[in-house]
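Encoded as structure tokens, the structure appears first; notes follow it.
What follows is calculated from the coordinates using simple rules that are stated; it is not laboratory data. These numbers come from a predicted model, not from an experiment. Cβ placement follows ideal geometry from the backbone for every residue including glycine, while neighbour counts extend to all protein chains displayed.
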Amino acid sequence: MVYIIKSFLTILSFSAAALATVVKIEADITTLSTAVTSLDKSINAYPNTGGTVAGALVIHTEAQGLINDLGTATTDIQATSGLLSLSDGKTILSSVQAIQPVILDALTVLVKKKAALQALPLGGVPAIVLADLKSLNTTAVKFADSLLKICPSALLPQATSIRDSVAVGFSGAIAGYS
Ligand SMILES: *[C@@H]1O[C@H](CO)[C@@H](O)[C@H](O)[C@H]1NC(C)=O
């Protein structure tokens, strides 16, 4: 009897991702949301003519910060044992889904700012943007793939579609700067 209860408890504790982990992942996604929103604002605020190197540096620094935040979120997701419960999965995916249009906007507008960045007296800024985009793409896809691994199967189509749409956005932006 004791053995059965123990096994049952063991199964319970491994069957769903621990609450602490879920709270951590949700906090990570809030951080990502803030970072993406701020990056998108800076990109949109960059003027089409007469922009400064300082303004471009803000975009670069925020992109680096976002790469960092994506790495932290991925590490926390990878530390999760077991799948998310359906309800936690839904909450987490809807937070990620809310970020999707913001990152896609940032990527589209960034391509429109290429001429402004090329016109800067300091050469090589578009090359830095391209390097940032490549790193951002890699870390974003890694983040999405790690999330897919802990998603309950019912949520896989939604999670996959978010990942693929963001990946298409990155392909477009990387092509724009290549
Ligand atoms: C984005 O990153 C993924 C994963 O590393 C890679 O497979 C894909 O080719 C990258 N996309 C571009 C446009 O570089």
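If a residue must be closer than 27 Å to LEU57 by Cβ and surrounded by 14 or more Cβ atoms within 10 Å (Cβ to Cβ), how many such residues does segment 132-166 contain?
Residues meeting the conditions: 12.
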### Query
Does segment 81-97 hold any residues that are closer than 14 Å to ALA159 by Cβ and either part of a helix (DSSP H, G or I) or not hydrophobic (A, V, I, L, M, F, W, C) (or both), and which are they?
LEU86, ASP88, GLY89, LYS90, THR91, ILE92, LEU93, SER94, SER95, VAL96, GLN97
### Task
Take LYS114 and decide whether it is in contact (Cβ under 8 Å) with a residue 40 or more places away in the chain, over 16 Å from ILE67 (Cβ atoms) and basic (Lys, Arg).
yes
### Query
Can you name the residue in segment 31-55 that is among the β-branched types (Val, Ile, Thr) and farther than 15 Å from ASN68 by Cβ and, of all such residues, is nearest to the chain's Cα centre (by Cα)?
THR37
### Query
Of the residues that make up segment 131-146, is at least one of a type in the set (Ser, Thr, Tyr) and over 12 Å from the mean Cα position of the chain (by Cα)?
no
### Message
Give all pairs with beta carbons closer than 7 Å in which a residue from segment 150-175 that is without any contact (Cβ under 8 Å) to a residue 24 or more places away in the chain meets a residue that is more than 10 Å from the ligand (Cβ to nearest atom); count only pairs at least 6 apart in sequence or on separate chains.
### Response
LEU156/LEU148; THR160/LEU148; ARG163/LEU148
#### Entry: Selection count where residues are buried (at least 19 other Cβ atoms within 10 Å of the Cβ) and under 14 Å from the mean Cα position of the chain (by Cα), scope segment 167-178
2
### Task
For ALA106, state whether it is within 11 Å of the ligand (Cβ to nearest atom), among the hydrophobic types (A, V, I, L, M, F, W, C), under 25 Å from ALA54 (Cα atoms) and assigned to a helix (DSSP H, G or I).
no
### Query
Does segment 87-100 contain any residue that is within 16 Å of the ligand (Cβ to nearest atom), touching a residue at least 40 places away in the same chain (Cβ under 8 Å) and buried (at least 18 other Cβ atoms within 10 Å of the Cβ)?
no
